[in-house]
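These notes are about the structure you will find just below.
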Amino acid sequence: MAKLLGGPVADNVEKANFASPINYVTKNCPPVFLMHGGADTLVPPEQSEIFYEALKKTGVDVQLEIVPGKGHGITAPPDVALKIYQFFTKYLGSQTNQTAAAN
């Protein structure tokens, strides 16, 4: 965070708040899919849980998947990849539906 903010967070609280997505949550946010490694030591999973709750509280359709035993920068395991696919298909439609709509 210090690199992003140009110094320690404690010295750049205003910049940190400006950079935090939680401060931009409104009922007009698009649907959000969050995936977080349960063993992430760089960004605690609780950060995604807090963001999830803020989105949910405002009525945004949000889904959170905490992947047990995984750290930061993970690849979605097959069961979560399927949930991601289903989430995007729900909101963006299938490629078949998009092709038909374009014709």
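In segment 71-87, is there at least one residue being touching a strand residue (DSSP E or B) at 6+ places or on another chain (Cβ under 8 Å) and either assigned to a strand (DSSP E or B) or acidic (Asp, Glu) (or both)? Within segment 71-87 (the criterion being touching a strand residue (DSSP E or B) at 6+ places or on another chain (Cβ under 8 Å) and either assigned to a strand (DSSP E or B) or acidic (Asp, Glu) (or both)), the answer is no, since none of the residues qualifies.
For segment 1-44, what are the residues that are within 27 Å of LEU92 (Cα to Cα), in a helix (DSSP H, G or I) and of a type in the set (A, V, I, L, M)? So that I can check it myself, show each step before the final result.
First, pick out the residues of segment 1-44 that are within 27 Å of LEU92 (Cα to Cα): 20-37.
Next, from what is left, pick out any that are in a helix (DSSP H, G or I): 21-24.
Once the filter is applied, which keeps residues that are within 27 Å of LEU92 (Cα to Cα), in a helix (DSSP H, G or I) and of a type in the set (A, V, I, L, M), segment 1-44 yields only ILE22.
Checked against (1) within 15 Å of the chain's Cα centre (by Cα); (2) exposed (fewer than 11 other Cβ atoms within 10 Å of the Cβ); (3) not hydroxyl-bearing (Ser, Thr, Tyr), ASN28 passes all but condition (1). Summed over segment 45-62, residues that are surrounded by 14 or more Cβ atoms within 10 Å (Cβ to Cβ) and part of a loop (DSSP other than H, G, I, E, B) total 2.
Listed by first and then second residue, the pairs with beta-carbon distance under 8 Å, at least 6 apart or on different chains, first residue in segment 69-81 and farther than 17 Å from PRO44 by Cα, second aliphatic (A, V, I, L, M), are ALA76/MET35; ALA76/VAL67; ALA76/ILE84; PRO77/VAL67; VAL80/MET35; VAL80/VAL67.
Taking segment 13-46 only, how many residues are among the polar types (S, T, N, Q), farther than 16 Å from THR58 by Cα and modelled with pLDDT of 95 or more? Explain how you work it out, then say what you get.
Keep residues of segment 13-46 that are among the polar types (S, T, N, Q), which gives 17, 20, 23, 26, 28, 41.
Of the ones still in play, those that are also farther than 16 Å from THR58 by Cα are 17, 20, 41.
Filter again for modelled with pLDDT of 95 or more, leaving 41.
Number of matching residues: 1.
The values are calculated or read from the model by the stated rules, or taken from the named source; none is laboratory data. What you are looking at is a predicted structure, and each value in this text was computed from that prediction instead of being measured. FYI the Cβ positions are ideal-geometry reconstructions off the backbone, even for glycines, and counts take in every protein chain you see.
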